[in-house]
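Colleague: Please see the structure below; I have some questions.
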């Protein structure tokens, strides 16, 4: 009889966890939809914000340029994409908070203290990666690409950039996500160290392999130009070195 009661309690507990998880997922998606609608209302302002690096680079070169769209529906879909991008970006901390509230009751106090810094570091590093793209990489890359323009001369046709709205915004949003996700490297390595898969000595001995992996990943995630590839690879190399010290600190703390 006791065994049957325990099974019923376990079953009820499992159903309760699923119900709570469903509730938190519904809240998260409802918040995402609300933000999507709100961001679509202000999509013009968000669009101007994302286009600002291009506008600044063009004005710095004293050029008369524009962004174009070549399909009737392209501008509309672009605003939808911008709104969803902004909504997902803003709602990420809310998703993490809901995830934390779901798993926190099942953790011991020391486990909560160990995981809480990662919940802070994850969005912080993501925003840092996005800021590097917006304020550093994109202005340099745009100036680099504009350098391939040629003026009209006798017998020579001018080559000018006529960037498409959709392509430009897809590029900058893809780079922001690529940098933001790549900047999670210290978080991933620290978590792997906590569960005993790697240690600081392992990271030191295999540094040269990680350098190759980082440059390969930068080549895959970014356009085929040296500015964005080096711009992603160098911060990742720095974060890798920081991760070695972070893992070493974790090891000392666990030994103590």
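The values are calculated or read from the model by the stated rules, or taken from the named source; none is laboratory data. This one's a predicted model, so the numbers in the text were calculated from it and none came from an experiment. Cβ: placed from backbone, ideal geometry, glycine included. Neighbour counts: every protein chain shown.
Colleague: Out of 191, 203, 238, I need the residue that is buried (at least 18 other Cβ atoms within 10 Å of the Cβ) and out of contact with any strand residue (DSSP E or B) (no Cβ under 6 Å at 6 or more places or on another chain). Which one?
Modeller: 203
Colleague: Filter the range 38-51 down to residues that are without any contact (Cβ under 8 Å) to a residue 24 or more places away in the chain and within 21 Å of residue 143 (Cβ to Cβ) and give me whichever is nearest to the chain's Cα centre (by Cα).
Modeller: Ranking the candidates gives 49 first.
Colleague: Here are the criteria: (1) within 24 Å of residue 188 (Cβ to Cβ); (2) touching a residue at least 12 places away in the same chain (Cβ under 8 Å). Tell me which single one residue 108 does not satisfy.
Modeller: Against the list (1) within 24 Å of residue 188 (Cβ to Cβ); (2) touching a residue at least 12 places away in the same chain (Cβ under 8 Å), residue 108 comes up short only on (2).
Colleague: Return yes or no: is residue 220 closer than 30 Å to residue 146 by Cβ and either surrounded by 19 or more Cβ atoms within 10 Å (Cβ to Cβ) or without any contact (Cβ under 8 Å) to a residue 60 or more places away in the chain (or both)?
Modeller: Considered against the rule, which asks whether it is closer than 30 Å to residue 146 by Cβ and either surrounded by 19 or more Cβ atoms within 10 Å (Cβ to Cβ) or without any contact (Cβ under 8 Å) to a residue 60 or more places away in the chain (or both), residue 220 comes out as yes.
Colleague: I need the full set of residues from the range 81-114 which are at pLDDT 80 or above, over 19 Å from the mean Cα position of the chain (by Cα) and exposed (fewer than 15 other Cβ atoms within 10 Å of the Cβ), in order please.
Modeller: Within the range 81-114, 101, 103 qualify.
Colleague: Okay, next question. Criterion first (surrounded by 21 or more Cβ atoms within 10 Å (Cβ to Cβ) and more than 21 Å from the chain's Cα centre (by Cα)) does residue 158 satisfy it?
Modeller: Criteria not met by residue 158.
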